[in-house]
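Step one of this worksheet: look at the structure below.
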Amino acid sequence: MLVSTTLFVFLAIFQPISCWGSFGHRTVAYLAQKHFTAGTHRFVDRLLENDQGFDISDASLWADGRVKRDNPRTRQWHWIDAKDKPPTHCEVNYQRDCEDNGTPECIISAITNMTRVLSKPSNEYRKEALMFLIHFLGDIHQPLHTENASRGGTQLDVRFDNRNEDLHGVWDSDILHKYRHLPSSIGQNKPKEREEARKWADELYQSKEDKNMQLCKKGPECYDIKKPQKCALLWASEANCRICTHVLKPKVKWLENNDLGGEYYEDAVPVVVDLVRKSGLRLGAWLNALAAIQPSEEDLVVQDPEVDGEL
Ligand SMILES: *[C@@H]1O[C@H](CO)[C@@H](O)[C@H](O)[C@H]1NC(C)=O
Ligand SMILES: *[C@@H]1O[C@H](CO)[C@@H](O)[C@H](O)[C@H]1NC(C)=O
(Lines give C-alpha, C1' and ligand atoms only; values in the text may rest on other atoms or scores of the structure.)
(Ligands and ions follow the chains in the order given, each with its own letter.)
Protein backbone atom coordinates (compact mmCIF):
# COMPACT_ATOMS: atom_id res chain seq x y z
CA MET A 1 0.00 0.00 0.00
CA LEU A 2 2.66 2.44 1.10
CA VAL A 3 4.88 1.46 -1.81
CA SER A 4 2.15 1.94 -4.38
CA THR A 5 1.13 5.27 -2.88
CA THR A 6 4.71 6.46 -3.00
CA LEU A 7 5.04 5.25 -6.56
CA PHE A 8 1.83 6.97 -7.51
CA VAL A 9 2.98 10.26 -6.00
CA PHE A 10 6.32 9.86 -7.75
CA LEU A 11 4.64 9.29 -11.11
CA ALA A 12 2.19 12.10 -10.56
CA ILE A 13 5.03 14.51 -9.93
CA PHE A 14 7.48 13.37 -12.57
CA GLN A 15 5.28 12.38 -15.42
CA PRO A 16 5.81 15.06 -18.02
CA ILE A 17 2.41 16.69 -18.49
CA SER A 18 3.11 18.49 -21.68
CA CYS A 19 0.82 20.74 -23.57
CA TRP A 20 0.58 20.65 -27.36
CA GLY A 21 3.21 17.95 -26.63
CA SER A 22 6.84 18.83 -27.11
CA PHE A 23 6.64 18.26 -30.88
CA GLY A 24 3.84 20.81 -31.27
CA HIS A 25 5.64 23.40 -29.15
CA ARG A 26 8.91 22.98 -31.03
CA THR A 27 7.07 23.40 -34.34
CA VAL A 28 5.34 26.58 -33.14
CA ALA A 29 8.67 28.01 -31.98
CA TYR A 30 10.51 27.27 -35.25
CA LEU A 31 7.60 28.60 -37.28
CA ALA A 32 7.50 31.82 -35.24
CA GLN A 33 11.24 32.20 -35.80
CA LYS A 34 10.68 32.14 -39.57
CA HIS A 35 8.42 35.18 -39.17
CA PHE A 36 10.99 37.13 -37.12
CA THR A 37 12.49 40.38 -38.33
CA ALA A 38 16.28 40.80 -38.01
CA GLY A 39 15.65 42.87 -34.90
CA THR A 40 13.56 40.12 -33.33
CA HIS A 41 16.29 37.55 -33.96
CA ARG A 42 18.72 39.80 -32.06
CA PHE A 43 16.21 40.52 -29.26
CA VAL A 44 15.38 36.85 -28.74
CA ASP A 45 18.94 35.57 -29.09
CA ARG A 46 20.21 38.14 -26.60
CA LEU A 47 17.61 37.15 -24.01
CA LEU A 48 17.89 33.41 -24.50
CA GLU A 49 21.67 33.52 -24.90
CA ASN A 50 21.17 30.91 -27.61
CA ASP A 51 23.96 28.49 -28.23
CA GLN A 52 24.19 25.17 -30.01
CA GLY A 53 22.79 23.27 -27.07
CA PHE A 54 19.70 25.39 -26.42
CA ASP A 55 17.58 26.74 -29.24
CA ILE A 56 14.19 28.46 -29.36
CA SER A 57 12.40 25.11 -29.52
CA ASP A 58 14.06 24.09 -26.26
CA ALA A 59 13.01 27.43 -24.79
CA SER A 60 9.43 26.60 -25.80
CA LEU A 61 9.49 23.56 -23.48
CA TRP A 62 10.98 25.29 -20.46
CA ALA A 63 7.61 26.22 -18.91
CA ASP A 64 6.61 22.54 -18.81
CA GLY A 65 9.76 21.49 -17.00
CA ARG A 66 11.18 22.14 -13.57
CA VAL A 67 9.41 25.46 -13.18
CA LYS A 68 6.09 23.63 -12.85
CA ARG A 69 7.41 21.64 -9.91
CA ASP A 70 9.41 24.42 -8.30
CA ASN A 71 6.63 26.96 -8.71
CA PRO A 72 3.28 25.10 -8.72
CA ARG A 73 1.38 28.38 -9.00
CA THR A 74 2.49 28.59 -12.63
CA ARG A 75 0.58 25.39 -13.50
CA GLN A 76 -2.73 27.11 -13.95
CA TRP A 77 -1.14 29.70 -16.22
CA HIS A 78 -1.18 27.07 -19.00
CA TRP A 79 -4.94 27.14 -19.53
CA ILE A 80 -8.27 28.90 -19.03
CA ASP A 81 -11.19 26.79 -17.85
CA ALA A 82 -14.14 28.02 -19.90
CA LYS A 83 -17.27 27.06 -17.96
CA ASP A 84 -19.43 26.92 -21.05
CA LYS A 85 -21.78 24.17 -22.24
CA PRO A 86 -20.09 22.17 -24.96
CA PRO A 87 -20.90 20.91 -27.48
CA THR A 88 -23.97 23.17 -27.76
CA HIS A 89 -22.44 26.40 -26.48
CA CYS A 90 -18.77 27.37 -26.48
CA GLU A 91 -17.54 30.65 -25.06
CA VAL A 92 -14.64 32.03 -23.03
CA ASN A 93 -15.59 34.67 -20.50
CA TYR A 94 -12.56 36.34 -18.93
CA GLN A 95 -14.23 37.38 -15.66
CA ARG A 96 -15.98 34.09 -15.13
CA ASP A 97 -13.22 31.76 -16.29
CA CYS A 98 -9.90 33.37 -15.37
CA GLU A 99 -10.20 34.46 -11.79
CA ASP A 100 -9.19 32.32 -8.88
CA ASN A 101 -10.41 33.86 -5.61
CA GLY A 102 -10.40 37.29 -7.19
CA THR A 103 -6.88 36.98 -8.61
CA PRO A 104 -6.49 36.53 -12.36
CA GLU A 105 -4.67 33.20 -12.73
CA CYS A 106 -4.99 31.80 -16.23
CA ILE A 107 -3.27 31.73 -19.59
CA ILE A 108 -4.77 35.08 -20.62
CA SER A 109 -3.53 36.94 -17.55
CA ALA A 110 -0.21 35.12 -17.80
CA ILE A 111 0.24 36.30 -21.41
CA THR A 112 -0.78 39.79 -20.31
CA ASN A 113 1.74 39.84 -17.47
CA MET A 114 4.61 38.39 -19.49
CA THR A 115 3.97 40.87 -22.31
CA ARG A 116 4.13 43.73 -19.79
CA VAL A 117 7.41 42.45 -18.37
CA LEU A 118 8.91 42.36 -21.86
CA SER A 119 7.57 45.83 -22.65
CA LYS A 120 9.82 47.31 -19.98
CA PRO A 121 13.45 47.84 -20.82
CA SER A 122 14.76 46.35 -17.63
CA ASN A 123 13.32 43.62 -15.50
CA GLU A 124 15.20 40.72 -14.01
CA TYR A 125 12.57 38.24 -15.26
CA ARG A 126 12.71 39.10 -18.96
CA LYS A 127 14.26 35.80 -20.00
CA GLU A 128 11.66 33.80 -18.05
CA ALA A 129 8.85 35.99 -19.40
CA LEU A 130 10.00 35.33 -22.96
CA MET A 131 10.16 31.57 -22.43
CA PHE A 132 6.69 31.62 -20.84
CA LEU A 133 5.30 33.61 -23.78
CA ILE A 134 6.79 31.24 -26.35
CA HIS A 135 5.08 28.39 -24.54
CA PHE A 136 1.74 30.05 -23.76
CA LEU A 137 1.11 31.32 -27.29
CA GLY A 138 1.28 27.65 -28.23
CA ASP A 139 -0.94 26.36 -25.45
CA ILE A 140 -3.63 28.98 -25.96
CA HIS A 141 -4.24 27.52 -29.44
CA GLN A 142 -4.82 23.98 -28.10
CA PRO A 143 -8.63 23.82 -27.75
CA LEU A 144 -8.51 21.69 -24.59
CA HIS A 145 -6.42 24.36 -22.87
CA THR A 146 -9.49 26.57 -23.07
CA GLU A 147 -12.11 24.23 -21.62
CA ASN A 148 -13.26 23.19 -18.16
CA ALA A 149 -15.31 20.13 -19.17
CA SER A 150 -13.65 16.85 -18.11
CA ARG A 151 -10.81 19.01 -16.81
CA GLY A 152 -9.71 19.95 -20.29
CA GLY A 153 -10.25 16.40 -21.48
CA THR A 154 -7.67 14.97 -19.04
CA GLN A 155 -10.43 13.03 -17.28
CA LEU A 156 -11.93 11.58 -20.43
CA ASP A 157 -10.46 8.14 -21.17
CA VAL A 158 -10.43 7.27 -24.84
CA ARG A 159 -8.69 4.99 -27.38
CA PHE A 160 -6.49 6.20 -30.20
CA ASP A 161 -5.20 3.61 -32.67
CA ASN A 162 -5.76 0.89 -30.08
CA ARG A 163 -3.85 2.69 -27.35
CA ASN A 164 -5.32 4.07 -24.12
CA GLU A 165 -5.17 7.83 -23.96
CA ASP A 166 -7.07 10.71 -22.48
CA LEU A 167 -8.71 13.17 -24.82
CA HIS A 168 -6.29 15.92 -23.83
CA GLY A 169 -3.33 13.78 -24.88
CA VAL A 170 -4.98 13.01 -28.21
CA TRP A 171 -5.07 16.73 -29.04
CA ASP A 172 -1.67 17.51 -27.50
CA SER A 173 0.25 14.84 -29.34
CA ASP A 174 -1.42 11.83 -30.94
CA ILE A 175 -3.07 13.67 -33.82
CA LEU A 176 0.14 15.56 -34.59
CA HIS A 177 2.34 12.47 -34.43
CA LYS A 178 0.03 10.47 -36.67
CA TYR A 179 -0.26 13.30 -39.20
CA ARG A 180 3.53 13.65 -39.38
CA HIS A 181 4.12 9.85 -39.33
CA LEU A 182 6.10 9.99 -36.09
CA PRO A 183 6.31 7.40 -33.33
CA SER A 184 4.74 8.45 -30.03
CA SER A 185 8.22 8.14 -28.48
CA ILE A 186 9.59 10.98 -30.65
CA GLY A 187 9.87 13.25 -27.59
CA GLN A 188 12.65 11.06 -26.24
CA ASN A 189 14.84 11.71 -29.25
CA LYS A 190 15.63 15.41 -29.12
CA PRO A 191 17.69 15.77 -32.32
CA LYS A 192 15.08 13.86 -34.33
CA GLU A 193 12.19 15.77 -32.76
CA ARG A 194 13.88 19.08 -33.55
CA GLU A 195 14.55 18.01 -37.12
CA GLU A 196 10.95 16.90 -37.66
CA ALA A 197 9.59 20.08 -36.06
CA ARG A 198 11.79 22.20 -38.34
CA LYS A 199 10.58 20.29 -41.35
CA TRP A 200 6.93 20.82 -40.46
CA ALA A 201 7.54 24.48 -39.63
CA ASP A 202 9.10 24.95 -43.10
CA GLU A 203 6.05 23.40 -44.73
CA LEU A 204 3.61 25.44 -42.65
CA TYR A 205 5.53 28.60 -43.48
CA GLN A 206 5.17 27.92 -47.22
CA SER A 207 1.50 26.95 -46.95
CA LYS A 208 -1.51 29.22 -47.31
CA GLU A 209 -4.29 29.73 -44.82
CA ASP A 210 -7.07 27.18 -45.18
CA LYS A 211 -10.11 29.31 -46.00
CA ASN A 212 -12.42 26.61 -44.66
CA MET A 213 -11.03 27.32 -41.22
CA GLN A 214 -12.44 30.81 -40.75
CA LEU A 215 -15.61 29.73 -38.99
CA CYS A 216 -14.14 30.17 -35.51
CA LYS A 217 -12.20 33.38 -36.09
CA LYS A 218 -13.52 36.04 -33.75
CA GLY A 219 -12.08 39.13 -35.41
CA PRO A 220 -9.14 40.54 -37.36
CA GLU A 221 -5.63 39.51 -36.32
CA CYS A 222 -4.72 41.17 -33.05
CA TYR A 223 -1.09 42.18 -32.62
CA ASP A 224 -1.44 45.14 -30.28
CA ILE A 225 1.02 44.46 -27.47
CA LYS A 226 -0.60 47.28 -25.50
CA LYS A 227 -3.80 45.21 -25.40
CA PRO A 228 -2.56 41.73 -24.56
CA GLN A 229 -5.72 40.75 -22.72
CA LYS A 230 -7.93 41.57 -25.70
CA CYS A 231 -5.70 39.67 -28.14
CA ALA A 232 -5.25 36.63 -25.89
CA LEU A 233 -9.02 36.46 -25.33
CA LEU A 234 -9.54 36.39 -29.12
CA TRP A 235 -7.03 33.55 -29.51
CA ALA A 236 -8.52 31.55 -26.64
CA SER A 237 -12.04 32.08 -28.00
CA GLU A 238 -11.04 30.82 -31.44
CA ALA A 239 -9.50 27.65 -29.99
CA ASN A 240 -12.44 27.17 -27.62
CA CYS A 241 -14.88 27.38 -30.55
CA ARG A 242 -13.23 24.19 -31.84
CA ILE A 243 -14.43 22.39 -28.71
CA CYS A 244 -17.96 22.70 -30.10
CA THR A 245 -17.18 22.20 -33.81
CA HIS A 246 -14.80 19.23 -33.36
CA VAL A 247 -13.28 18.23 -30.01
CA LEU A 248 -16.46 17.39 -28.06
CA LYS A 249 -18.87 17.49 -30.98
CA PRO A 250 -19.56 13.73 -31.04
CA LYS A 251 -20.47 13.87 -27.31
CA VAL A 252 -18.75 12.07 -24.45
CA LYS A 253 -20.40 8.68 -24.91
CA TRP A 254 -19.32 8.39 -28.54
CA LEU A 255 -15.81 9.50 -27.67
CA GLU A 256 -15.54 6.84 -24.99
CA ASN A 257 -16.81 4.05 -27.24
CA ASN A 258 -14.98 4.66 -30.51
CA ASP A 259 -11.35 4.60 -31.53
CA LEU A 260 -10.40 8.20 -32.25
CA GLY A 261 -7.68 7.26 -34.76
CA GLY A 262 -10.27 6.96 -37.56
CA GLU A 263 -12.80 9.50 -38.81
CA TYR A 264 -12.42 11.61 -35.68
CA TYR A 265 -8.72 11.97 -36.49
CA GLU A 266 -9.43 12.79 -40.15
CA ASP A 267 -11.81 15.59 -39.14
CA ALA A 268 -9.37 16.94 -36.55
CA VAL A 269 -6.31 17.23 -38.82
CA PRO A 270 -7.23 20.44 -40.69
CA VAL A 271 -8.13 22.09 -37.37
CA VAL A 272 -4.85 21.14 -35.73
CA VAL A 273 -2.84 22.23 -38.76
CA ASP A 274 -4.69 25.56 -38.81
CA LEU A 275 -4.18 26.20 -35.10
CA VAL A 276 -0.48 25.28 -35.11
CA ARG A 277 0.03 27.52 -38.14
CA LYS A 278 -1.77 30.42 -36.44
CA SER A 279 0.13 29.82 -33.24
CA GLY A 280 3.49 30.23 -34.98
CA LEU A 281 2.34 33.21 -37.01
CA ARG A 282 0.92 35.02 -33.99
CA LEU A 283 3.90 34.26 -31.76
CA GLY A 284 6.20 35.59 -34.49
CA ALA A 285 4.16 38.77 -34.92
CA TRP A 286 3.85 39.27 -31.15
CA LEU A 287 7.60 39.03 -30.62
CA ASN A 288 8.21 41.27 -33.63
CA ALA A 289 6.02 43.91 -31.98
CA LEU A 290 7.85 43.53 -28.67
CA ALA A 291 11.26 43.66 -30.33
CA ALA A 292 10.27 46.86 -32.14
CA ILE A 293 9.82 48.79 -28.87
CA GLN A 294 13.08 47.67 -27.27
CA PRO A 295 15.82 50.26 -26.92
CA SER A 296 17.99 50.05 -30.00
CA GLU A 297 21.32 48.30 -29.84
CA GLU A 298 23.12 51.58 -30.52
CA ASP A 299 21.61 52.99 -27.33
CA LEU A 300 22.90 50.03 -25.42
CA VAL A 301 26.34 50.02 -27.05
CA VAL A 302 26.90 53.77 -26.69
CA GLN A 303 26.94 53.45 -22.93
CA ASP A 304 29.93 51.12 -22.90
CA PRO A 305 32.71 53.53 -23.95
CA GLU A 306 31.44 56.08 -21.43
CA VAL A 307 31.62 53.55 -18.66
CA ASP A 308 35.05 52.50 -19.84
CA GLY A 309 36.13 56.15 -20.03
CA GLU A 310 35.23 56.75 -16.45
CA LEU A 311 37.13 53.78 -15.18
C1 LIG B 1 -0.63 38.91 -13.23
O2 LIG B 1 -0.32 40.10 -12.53
C3 LIG B 1 -1.33 40.48 -11.60
C4 LIG B 1 -0.92 41.85 -11.06
O5 LIG B 1 0.40 41.84 -10.62
C6 LIG B 1 -1.43 39.41 -10.51
O7 LIG B 1 -2.45 39.76 -9.59
C8 LIG B 1 -1.77 38.08 -11.15
O9 LIG B 1 -1.75 37.06 -10.19
C10 LIG B 1 -0.80 37.74 -12.26
N11 LIG B 1 -1.32 36.58 -12.95
C12 LIG B 1 -0.56 35.75 -13.61
C13 LIG B 1 -1.23 34.60 -14.23
O14 LIG B 1 0.63 35.91 -13.75
C1 LIG C 1 -15.72 22.10 -14.27
O2 LIG C 1 -15.29 20.78 -14.54
C3 LIG C 1 -15.37 19.90 -13.43
C4 LIG C 1 -14.71 18.59 -13.84
O5 LIG C 1 -15.32 18.03 -14.96
C6 LIG C 1 -16.82 19.76 -13.01
O7 LIG C 1 -16.91 18.92 -11.88
C8 LIG C 1 -17.39 21.12 -12.69
O9 LIG C 1 -18.76 20.99 -12.43
C10 LIG C 1 -17.18 22.09 -13.86
N11 LIG C 1 -17.60 23.41 -13.47
C12 LIG C 1 -18.47 24.13 -14.18
C13 LIG C 1 -18.87 25.43 -13.59
O14 LIG C 1 -18.88 23.76 -15.26
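Would you mind finding the longest exposed-site-free stretch of the chain, with exposed chymotrypsin sites (Phe, Trp or Tyr not before Pro) meaning DSSP loop and at most 15 other Cβ atoms within 10 Å?
1-124
Give me the percent relative contact order of the chain, please, defined on Cα pairs under 8 angstrom at least 6 residues apart.
30
Could you tell me the accessible area of His168 in Å² (1.4 Å probe, neighbours in place), rounded to the nearest ten?
Near enough 20 Å² of accessible area.
Would you mind telling me the share, in percent, of accessible area of the stretch 26-99 contributed by carbon and sulfur at probe 1.4 angstrom?
Heavy-atom surface of the stretch 26-99 belonging to carbon and sulfur, 1.4 Å probe: 48 percent.
Please find the FRET efficiency linking Asp267 to Arg73, where r is the Cβ-Cβ separation and R0 is fixed at 30 Å, and quote it to the nearest 0.05.
About 0.25, to the nearest 0.05.
Using the Karplus curve 6.51 cos²θ - 1.76 cosθ + 1.60 with θ = phi - 60°, work out ³J(HN,Hα) for each residue of the stretch 78-92 in order, rounded to whole Hz, and write x for Gly and Pro.
Each residue of the stretch 78-92 in turn: 8, 8, 9, 8, 5, 9, 9, 10, x, x, 7, 9, 10, 5, 9 Hz.
Strictly over 22 Å apart at the Cα level, which of Lys34/Lys227; Lys120/Lys226; Lys211/Lys251 would you flag in this model?
Over 22 Å Cα-Cα: Lys34/Lys227; Lys211/Lys251.
Provide the per residue accessible area, probe 1.4 Å, for the chain, rounded to a whole number of square angstrom.
Value returned for the chain: 50 Å² of accessible area per residue.
In degrees, nearest 10, range 0 to 90: what is the angle between the Cα axis of helix 228-242 and the longest Cα principal axis of the chain?
20
Could you work out how far helix 263-292 tilts from the main Cα principal axis of the chain, as a 0 to 90 degree angle to the nearest 10?
It works out to around 10 degrees.
Across the stretch 26-33, in residue order, what do the Karplus-derived ³J(HN,Hα) couplings come to in whole Hz, using 6.51 cos²θ - 1.76 cosθ + 1.60 with θ = phi - 60° and x for Gly and Pro?
4, 4, 4, 5, 5, 5, 4, 4
If you fit an axis through the alpha-carbon atoms of helix 126-139 and take the longest principal axis of the Cα set of the chain, what angle between them do you get, 0 to 90°, nearest 10?
30
Order Thr154, Thr245 by their accessible area, 1.4 angstrom probe, all chains in place, largest first.
Putting Thr154, Thr245 in descending order of accessible area: Thr154, Thr245.
For the chain, what is the calculated [θ] at 222 nm in deg cm²/dmol (nearest 500), taking -39500 (n - 2.57) for each run of four or more DSSP H residues and dividing by its residue count?
That calculation yields -16500 deg cm²/dmol at 222 nm.
Starting from the exponent 0.38 and prefactor 2.2 Å, build the expected Rg for the chain from its residue count and divide its actual Cα Rg by it.
1.03
Considering only C-alpha atoms, what is the centroid distance from the stretch 41-93 to the stretch 204-266, in Å?
Spelled out, the Cα-based centre of one part sits 18 Å from the other.
Stretch Ala38-Ser207 to full length: gain in nm at 0.36 nm per residue minus the Cα-Cα span?
58.6 nm
Can you pull the percent of the stretch 149-244's accessible area that's carbon plus sulfur, 1.4 Å probe, other chains left in place?
Summing carbon and sulfur atoms, their accessible area is 46 percent of the total for the stretch 149-244.
Kirkwood Rh over alpha-carbon pairs of the stretch 110-189, then Stokes-Einstein at 4 °C and 1.567 mPa s: what D in µm² s⁻¹, rounded to an integer?
Calculated translational D: 88 µm²/s.
Can you give the charge dipole size of the chain about its Cα centre, rounded to the nearest 20 debye, using +1 on the beta carbon of Lys and Arg and -1 on the beta carbon of Asp and Glu?
820
Provide the descending list of Cα extents for the stretch 159-277 along its principal axes, expressed in whole angstroms.
45, 39, 25
Any idea which of Asn113, Ile140, Val28 is furthest toward the positive side of the dipole for the chain, if Lys and Arg beta-carbons carry +1 and Asp and Glu beta-carbons -1?
Farthest towards the positive pole: Ile140.
The values are calculated or read from the model by the stated rules, or taken from the named source; none is laboratory data. Keep in mind that this is a model prediction, so the values were computed, not measured. Glycine also receives a Cβ, built like all others from the backbone with ideal geometry; neighbour counts cover every protein chain displayed. Heavy atoms of the whole protein, side chains included, go into the accessibility calculation; ligands, DNA and RNA do not. Shrake-Rupley method; radii C 1.70, N 1.55, O 1.52, S 1.80 Å.
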